[in-house]
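Notes to accompany the following structure.
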Amino acid sequence: MSQELTDFGIPDYFEAEALGQPGNRRFRLIAKKGAQTASLWVERADVELLSQAFNQVLVEVGESDTLRVEGETAGPPPQPRGDFPRNPDIELRVGRWAVGYDQANALIIYIATSIESALETTESDEIIPEFRVALPRDTAERFADAAEALVAAGRPRCPLCGTALSYPDEPHACVKQNGHHKAELVIEGDE
Ligand SMILES: [Zn+2]
């Protein structure tokens, strides 16, 4: 294993985006630092888990007073960045990733390693990162909000209150129905 670490430090930006049509979206994380760009292909579940991981760290370090309810902050999904290069300097399919907190510098750390390297790793708990970014807390919070909206955009929604659901028949405590209610749902995408 001889993968080198690309460390973007505090990037110019670090965002999740979805490419393609609803039902067939591909997800990636894009980052820019100076003249360098990176594209990290991930699964939709990774975007969701990463958003949750950032929120969890933010709560643990006291940035957020309350755990946010899923769907509460989900606005319209962010539009793909038009100026991201077609051939970024770094391009990898993420096999494993982890989130940590750099207490001394108050930075939330994201590290990732490629599928190829993840398969080579023998010690199952160890991630030898190939890519790393360090995010100030407000940046991590913005990422989490935008990523949540991005994931929610491809989900079925409750027709009454608009809450994004995990699957079409998911029962939920609908504020418009004052409790649990099962209704016909508007399916926006099925990826
Ligand atoms: Zn509802």
Residues located in the range 26-62, provided they are in contact with an Asp or Glu (Cβ under 7 Å, 6 or more places away or on another chain), of a type in the set (D, E, K, R) and either closer than 15 Å to A147 by Cα or loosely packed, with under 15 Cβ neighbours inside 10 Å (or both): R28, R44
Can you confirm whether E48 is closer than 16 Å to A112 by Cβ and touching a strand residue (DSSP E or B) at 6+ places or on another chain (Cβ under 9 Å)? no
I want to confirm something. Restricting to the range 1-37 and keeping residues that are more than 17 Å from the chain's Cα centre (by Cα) and assigned to a strand (DSSP E or B), which single residue is farthest from L50 (Cα to Cα)? Q36
With the checklist (1) outside any loop (DSSP other than H, G, I, E, B); (2) away from the ligand (no atom under 16 Å from the Cβ) in hand, flag the one item A173 doesn't pass. (2)
So which residues in the range 144-167 are more than 13 Å from the ligand (Cβ to nearest atom) and touching a Pro at 6+ places or on another chain (Cβ under 6 Å)? A146, A149, L150, A153, G154
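Every number here is computed from the coordinates shown, using simple stated rules; none is lab data. Remember, predicted model here, so these are calculated numbers, not experimental data. Methodologically, a virtual Cβ is constructed for each residue, glycine included, from the backbone with ideal geometry; neighbour enumeration extends over all protein chains shown.
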